[in-house]
Structure formats: C-alpha cells, structure tokens
Amino acid sequence: MFKLVCGAGNEDAEYVKRLVYIYSLAGANIFDLSARKEILNSAKEAVSLSGNNQASFCVSIGIKGDKHIKKAVINDSKCIKCQNCLRNCPNDAVYSSIIIDEKRCIGCSKCSDSCPTGAISMTEKDVNYREILPYMVNNGVDILELHIMGNDINDLENKWKVIIECNPKFASICIDRENFGNKEVLNRIKSMISYRNPYTTIIQADGIPMSGAADDYKTTLQAVAMAEIIQNANLPVYIMLSGGTNSKTSELAKLCNINYWGVAVGSWARKIVKQYISNDDFWENITLQEKAINIAKNLVEKCQ
Ligand code: SF4
Ligand code: SF4
C-alpha cells in the first residue's frame, strides 16, 4: 500500500487536487487529507479526473500538543526579515513578504526552528471533530487517523472514542518517539486497541514526523526503527511506515525483516513533484503532468 500524505494541516484545496491527481495516476492507494469538507471534495474530484475508482481516503486529526494540528504565526515586531523561514519552509507556506499562508502551513516548525529572533510561535488549530468525523465516514472516507503525540490524555480519549463510534473501515494511530520513550508509546497503543477487533487498526509508525527532506537511508532509519518496535510487540495491527519515508524505506524495512502493510510518504512525495504542481498552466500542460506522474510512479513502485 502506498499512502500519499497531503498533510493533516494542508488546507490548500487546489494544491491537494493537483497532488492527488498526480499520485492517483502514479498508483497510490490511499490519500491522507486534512479533515475539511472542501479538501475531501477536492481530492475526490482529482481521483475521479484520473479515472481511479480504487482510491481510499484517510483523514487525520490530532490531540492537543501534537504538531500536526499546529500553525506558525509571525510576530512582526520581532522579525528582522532574514528570510530563514522562507528558505526552510518545505510547503511554500511563507510568502516573500514574510507572511504565512495558513492554508499551506502543515505545522512542521522548520520556520520557527530556524528563526534567529524567536519571532515565530506555533499555535494550535483544532477542528470540530464531533461534527466533521461522522461527515467524513458518511462521505466515503475509509480511515480515520488520530495523531497522539501530546500530553492531554482526556483529549486523546475523547477523540479516539468519537473515531471508534464513527465505525470507519480502519482506525489509525499515528505515533512517534519525539516526546515519549518506547514504553509510553506501546502503553498508549495497547490501551487504545484494547477494545478494537484484531486487524481493524493501523499503526502509523512515525520515525521523525515531517522529516523526509532527503532520499537516503539515514533519513528513513527512524521510520524503520519505529516500525520494528511496534512489530516486536506482536499486536494485532497493521503497520504503516511513516515520518522520514522516501524511496529507500521499503528496501531498508525488508532488509530488517519488517512485515509492513504500507508506506506513507509525505514530505518527500510532495517535494519531488513540487516544481510541476506549482506551475500556473498545470491543468493544460500534459507534458508537465506526464513528467510529474513518472517521477511519482517511480516512488510508488519503490515503496511496495
Ligand atoms: S516551515 Fe512548516 S510550520 Fe513553518 S510555515 Fe512552513 S509549513 Fe508552516
Ligand atoms: S526567520 Fe524569523 S526573523 Fe527571519 S524572516 Fe522569518 S520570521 Fe523574520
């Protein structure tokens, strides 16, 4: 399975439409989207245009504290216009005037990490999950995913309960080790799947979230390591590799005897087609589309 991660915080409908269209024609199976009606509609339009009637959709929400629900905000009074944020943003969410396009911001914090004056803060933007999640399942979404790397256990339990009540084909837990050790990671997963039927839950084993900026073994090492930790726990779940995934991920996972169900690729998948997607004449320029599809196809094939 190849899952294209458009970004839980990516709310740019036209950008998502182009991305999904390219990867749908390249053979991707699952499209991971922000839990917004207009984004789902946009992705559906793209798969329909591509003639793909096998596509599955996954929507993601996060608990309080998880970086996937954060957005960058600039304090102008502290900004010295050095443009570090502009250069380091992987999603073209910072304009040359040093204004952030909230719809494009995926909360990766690369801008704030590179800001020399502390002018950028990361703020949380939650969704009305009680309303939006049932809507998604009733409108063709097969997988509901929860990003759980925050400290608010009440929020985690409330959101997970709503996901289970929606009865999606699969519930998915996205987890990494940035803030917690292996023991806490496994405890959270075990508690969450304790009342799930076997093999109705996907664990998205994130190495380092949103870190797939390069196509080498080192970048994907932590994704494979995280998958191994889940695998060694012998849980009745499917394992999806993520967080630093690229064209080397499957190869390394196979060498390490990881029995994975799929590979989810976000940063790297978006980066390799970025120059084509952002072109003004994208929909008219078939040659350009074909170039992007071939590049995407190469990645999808290597991730099997
Ligand atoms: S670097 Fe990341 S957090 Fe900052 S604006 Fe770009 S997408 Fe948002
Ligand atoms: S990195 Fe910080 S100081 Fe530099 S342009 Fe961006 S917000 Fe301003």
Checklist entry - Would a scan of segment 247-265 turn up a residue that is touching an Asp or Glu at 6+ places or on another chain (Cβ under 6 Å), outside any helix (DSSP H, G or I), in contact (Cβ under 8 Å) with a residue 40 or more places away in the chain and over 25 Å from Thr201 (Cβ atoms)? => result yes
Next on the checklist: Testing Gly51 on (1) away from ligand 2 (no atom under 16 Å from the Cβ); (2) buried (at least 18 other Cβ atoms within 10 Å of the Cβ), one condition comes back false. Which one is that?
Outcome noted: (2)
Next on the checklist: I'm trying to understand the selection: among the residues of segment 223-242, which are free of Cβ contacts under 8 Å to residues at least 12 places away in the same chain and in a helix (DSSP H, G or I)?
Outcome noted: Asn232
Next on the checklist: What's the total number of residues in segment 44-96 that are more than 24 Å from Ile143 (Cβ to Cβ) and aromatic (Phe, Trp, Tyr)?
Outcome noted: 1
Next on the checklist: I need every pair where a residue in segment 106-122 that is within 22 Å of Asp12 (Cβ to Cβ) has its Cβ under 9 Å from the Cβ of a residue that is within 8 Å of ligand 2 (Cβ to nearest atom) and of a type in the set (D, E, K, R), sequence separation at least 6 or different chains.
Outcome noted: Ile120/Lys78
Checklist entry - Of the residues Ile258, Ile189, Ile229, Ile202, which is modelled with pLDDT of 95 or more, surrounded by fewer than 19 Cβ atoms within 10 Å (Cβ to Cβ) and in contact with a strand residue (DSSP E or B) (Cβ under 8 Å, 6 or more places away or on another chain)? => result Ile229
Checklist outcome for this item: Restricting attention to segment 113-131, the residues that are crowded, with 19+ Cβ neighbours inside 10 Å and at pLDDT 95 or above number exactly 3
Checklist entry - Taking Ile148, is it surrounded by 15 or more Cβ atoms within 10 Å (Cβ to Cβ), outside the structural domain of Lys161 (by TED's automatic domain parsing), more than 16 Å from ligand 2 (Cβ to nearest atom) and within 18 Å of the chain's Cα centre (by Cα)? => result no
Item to check | Single condition Cys105 does not satisfy, out of (1) assigned to a loop (DSSP other than H, G, I, E, B); (2) buried (at least 24 other Cβ atoms within 10 Å of the Cβ); (3) more than 15 Å from ligand 2 (Cβ to nearest atom) | outcome: (3)
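Listed here are the residues, each with its yes/no results for (1) modelled with pLDDT under 95; (2) basic (Lys, Arg); (3) touching a Gly at 6+ places or on another chain (Cβ under 9 Å); (4) within 7 Å of ligand 1 (Cβ to nearest atom).
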{"residue": "Cys58", "(1), (2), (3), (4)": "no, no, no, no"}
{"residue": "Lys64", "(1), (2), (3), (4)": "yes, yes, yes, no"}
{"residue": "Lys71", "(1), (2), (3), (4)": "yes, yes, yes, yes"}
{"residue": "Cys89", "(1), (2), (3), (4)": "yes, no, no, yes"}
{"residue": "Asp101", "(1), (2), (3), (4)": "yes, no, no, no"}
{"residue": "Gly107", "(1), (2), (3), (4)": "yes, no, yes, yes"}
{"residue": "Lys110", "(1), (2), (3), (4)": "yes, yes, no, yes"}
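The values are calculated or read from the model by the stated rules, or taken from the named source; none is laboratory data. Just so you know, these numbers come straight off a predicted model, no measurement behind them. Reconstructed Cβ throughout: ideal geometry from the backbone, glycine too, with neighbour counts over all protein chains shown.
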